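All of the numbers you see were taken from the coordinates with simple rules; none came from a lab. Predicted model only: the values in this text are computed from it and were never measured. Here Cβ is always computed from backbone atoms with ideal geometry, including for glycine, and neighbour counts include all displayed protein chains.
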């Protein structure tokens, strides 16, 4: 059987999705519980290998299991009882054997939260970047429009150890800036295939635009330069949340 | 000089406002920093002595200080630099010598958050009570109206060690229920002089009404009974936040 799970996690105390010897990861915690319940080795496929500190409300994973699961709801209830409190299975369903959470994904939605007032409420410090500088939101919106679309995103991609991309052309379908509260901003990204740290590098660049360090008109030449050093800083991980992963075929049942 | 501060804290890892030998409290952490900077003994007055685990976005404290503070903004900046990350001074101002944060308060606003869906996002687990049962929100609103007003609130008051009230008649000006997201609820309380655990006992009772354990019509007789055991459970501390304290005279300056 092929099982698809939608999972949420508070990334604050996690070293991201992928298993590492250096500390707790979502993959490791989830595997521990699934293998304990199923009593068989399991391999997880995640739609996005989120970085250390990044949160998720709609990460999608799938795994194949030999053992019969007569009641998926009960199974998922048990999984949630055993998972640490910062990881929760939101929903689950049986999917066709050939479903693959990574390869079948038709798009991903990431949300980035930031507070730009002088003070940030301590209640927001785990989920929102505090950047206490005046921001010109209109300029940021102008820059976001220029970043949207199909481009070579090399200037917005960090180099990952032991990994390289065949090319860095990606299609970023939309970037939407939504203001809320007093000087709080949510930036919503919709695209497929994001490059390493691409969202956080775009956020860092938008914030540089908002504070006047980069002009919105410079975005095109930054993209053309394919030079990471031309763009802004990498925004911190804790403002980022994998909000939703989109698929063409939806076969879901409630937890 | 008499200084008024508006402070916010994430109560998760704090044993409430008041100093205790058993662990970290807001009073203790704030005193440590204020006395370190001012180099003189300081006594803090808080508008509300919030319990262990309760949060605040608008707690108000005041203290008298002999040392001259030539630049209050710089002073508060230093305080925030030295405070632990779960406590923040949001704003501060010089107030008349006779201002008293507790006695001069004309009202307090508390917010209580709860999630009643099967699943709670781990991102909300620190600030919202997870009560995974179907709730009849209309019945809760009906009950809230009956609790609003001037009553003897003995049935909603826990007995505190070494402390008793002359009487338990209080005037609860309003209780407003606001639904948001998917099965999330914010309950806003406006009143002055709240009794010990009164808000959390009302929330516990409203939730009992919502899940059918208490009928809205029974609220009047519960109030008349003056019997704590007639009302619902005490809702957990982590859903509660002291949102704002109201005063007649406002003399504030930005941080």
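Annotations
- Choice from A:211, A:229, A:154 showing the highest fluctuation, given a GNM over chain A with Cα pairs closer than 10 Å: A:229
- Nearest-to-axis residue of chain A, judged by beta-carbon position, where the axis maps A onto B, in Å: A:126, 4
- FRET efficiency, 1/(1 + (r/R0)^6) with R0 30 Å, evaluated for residue B:22 and residue B:64 via beta carbons: 0.60
- When each of A:65, A:214, A:7 is scored by the number of other beta-carbon atoms lying within 10 Å, the sequence from fewest to most is A:65, A:214, A:7.
- Our summary gives region B:189-241 a relative contact order of 49 percent, counting only alpha carbon pairs under 8 angstrom and 6 or more residues apart.
- Modelled spin-label separation between residue B:106 and residue A:150, with each label point placed 7 Å from Cα along the Cα-to-Cβ direction: 6.3 nm.
- Percentage relative contact order, chain A, counting C-alpha pairs under 8 Å, at least six apart: 26
- For region A:101-255, the Cα-based Rg and Dmax, in that order, read 15.9, 48 Å.
- Most to least packed among A:19-30, A:113-124 [average Cβ atoms within 10 Å]: A:113-124, A:19-30
- Counting only alpha carbon atoms, the long axis of helix B:72-82 and the longest principal axis of chain B meet at about 70°.
- Footprinting exposure proxy for A:1, B:198 (fewest neighbouring C-beta atoms within 10 Å first): A:1, B:198
- Packing, taken as the mean count of other beta carbons within 10 Å per residue, orders the peptides A:84-95, A:40-51 from highest to lowest as A:84-95, A:40-51.
- Equivalent ellipsoid dimensions for the protein assembly as shown as semi-axes, Å, which come from the Cα gyration tensor, largest first: 43, 33, 19
- Rounded tilt (10° steps) of B:198-210 against the dominant C-alpha axis of chain B: 30
- Between 0 and 90°, nearest 10: helix A:26-38 axis offset from chain A longest Cα axis: 10
- Full extension of the segment from residue B:171 to residue B:192, taken as 0.36 nm per residue of separation minus the current Cα-Cα distance, would add 6.9 nm.
- Mean separation of Cα contacts under 8 Å, 6 or more apart, over the residue count of region A:12-158: relative contact order %: 17
- 222 nm mean residue ellipticity, helices alone, for chain A (DSSP H n ≥ 4; -39,500 (n - 2.57); rounded to 500): -6500 deg cm²/dmol
- Distance from region A:121-176 to region B:58-112 (C-alpha centre basis), Å: 37
- Each copy carries a label point for residue A:145 at 7 Å from Cα toward Cβ; from one copy, the others' points are 4.9 nm away, ordered from shortest.
- Annotation for residue B:43 and residue B:73: the two label points, set 7 Å from Cα along the Cα-Cβ direction, are 3.3 nm apart.
- Between residue A:133 and residue B:138, the FRET efficiency estimated from the beta carbon spacing at R0 = 45 angstrom works out to 0.50.
- Taken residue by residue and averaged, Cβ atoms of other chains lying within 10 Å of the Cβ of B:120-130 number 5.
- The mean number of Cβ atoms from other chains found within 10 Å of a Cβ in peptide B:87-95 is 2, as a whole number.
- With label points defined 7 Å past Cα in the direction of Cβ, position residue A:182 shows copy-to-copy spacings of 3.2 nm, given to one decimal and shortest first.
- Comparing B:109, B:175, B:69 in a Gaussian network model of chain B, where Cα atoms under 10 Å apart are tied by springs, the biggest mean-square fluctuation is seen for B:69.
- Summary for residue B:132: label point 7 Å along Cα→Cβ; distances to the equivalent points in the other copies, ascending, 4.0 nm.
- Most fluctuating residue given options B:177, B:72, B:14, as computed from a GNM of chain B linking Cα atoms under 10 Å: B:72
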